[in-house]
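Some notes on the structure that comes next.
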Amino acid sequence: MNDIFFSGIISLVIDLDKVYLDNFVLEDYDEFDYNHKCTIMELSNDIDARNYLYDVKGKMDAVKRRSEDNPLNLAYVAFYNDYPIGIITLSYINREYYISYGILPEYRKQYLASLLLQEFSEYLFTTYPEIDALNLSIVEKNTGSVHTAKRVGYERITNTRYSMKR
């Protein structure tokens, strides 16, 4: 009986580094994890991701560093059907929460970004009562992300800022 109890504790500890959404598993970003490194490298090499996310690895590392001061800075690699499909982050900047995400090219145009953003936003509002609003910063020419934000229910605040309130 102790063996069963002990193995349950180990699986619980392992799962602390993951968030289970309805359709996705989010793994805490680990720069040494092979799947995470490959996902970051593929996004970094993609022209569209570079144009909108800029330095993907730098962004992920910065969010992880900020999490040392505020645990509501979150950086994840998103998995769908056991395959890494991109990244999603939450950053606390100037007393506001910003979500940033990037989807690998082969998974775009399948509405996975919309589904991921919707589930992640719902998770944040449910799990963290201190979050009253979530924001997205989207360059106007990134029409895919503009449509994604609107599809999920984010409202345009300025030319580049979209927001969703609790």
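All of the numbers you see were taken from the coordinates with simple rules; none came from a lab. Values in this document were obtained by computation on a predicted structure and should not be read as measured data. Using ideal geometry, Cβ is built from the backbone for each residue, glycine included, and neighbour counts are taken over all protein chains shown.
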Counting alpha carbon pairs within less than 8 Å and at least 6 residues apart, what relative contact order, in whole percent, applies to segment 18-165?
18 percent
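Given a cut-off of 22 Å, what percent of all Cα-Cα pairs of segment 81-166 lie beyond it?
22 percent
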Taking neighbour Cβ counts within 10 Å as the exposure measure, how do PHE32, PHE120, PHE24 sort from fewest upward?
PHE32, PHE24, PHE120
A correct Stokes-Einstein calculation for segment 123-166, using the alpha-carbon Kirkwood radius, 20 °C and 1.002 mPa s, returns a whole-number D in µm² s⁻¹ of 197 µm²/s
Does anyone have the angle between helix 2-15 and the longest principal axis of the chain? Alpha-carbon axes, 0 to 90°, nearest 10?
20 degrees
For the chain, take the longest principal axis of its alpha carbons; what is the angle in degrees between that and the long axis of helix 112-127, to the nearest 10 within 0 to 90?
60 degrees
Expressed as cubic angstrom per residue, what is the convex hull volume of the alpha carbon set of segment 49-125?
102 Å³
Where a Cα-Cα gap under 17 Å defines reach, which lysines qualify for LYS109, not counting those fewer than 8 residues away within the same chain?
LYS141, LYS150
Counting Lys and Arg as +1 and Asp and Glu as -1, what is the net charge of the other residues whose Cβ lies under 9 Å from the Cβ of VAL25?
-1
So what's the angle, to the nearest 10 degrees on a 0 to 90 scale, between helix 56-67 and the longest Cα principal axis of the chain?
60 degrees
Work from the charge dipole of the chain (Cβ charges, +1 for Lys and Arg, -1 for Asp and Glu, about the Cα centre) and give the residue of PRO105, MET41, SER137 farthest towards its positive end.
SER137
Counting Lys and Arg as +1 and Asp and Glu as -1 over every other residue whose Cβ sits under 12 Å from the Cβ of ASN159, the net charge comes to +2
Can you list the lysines whose alpha carbon is less than 16 Å from that of LYS64, not counting same-chain residues fewer than 8 positions off?
LYS18, LYS37
Computed on Cα atoms, the radius of gyration and Dmax of the chain in angstrom are 16.2, 60
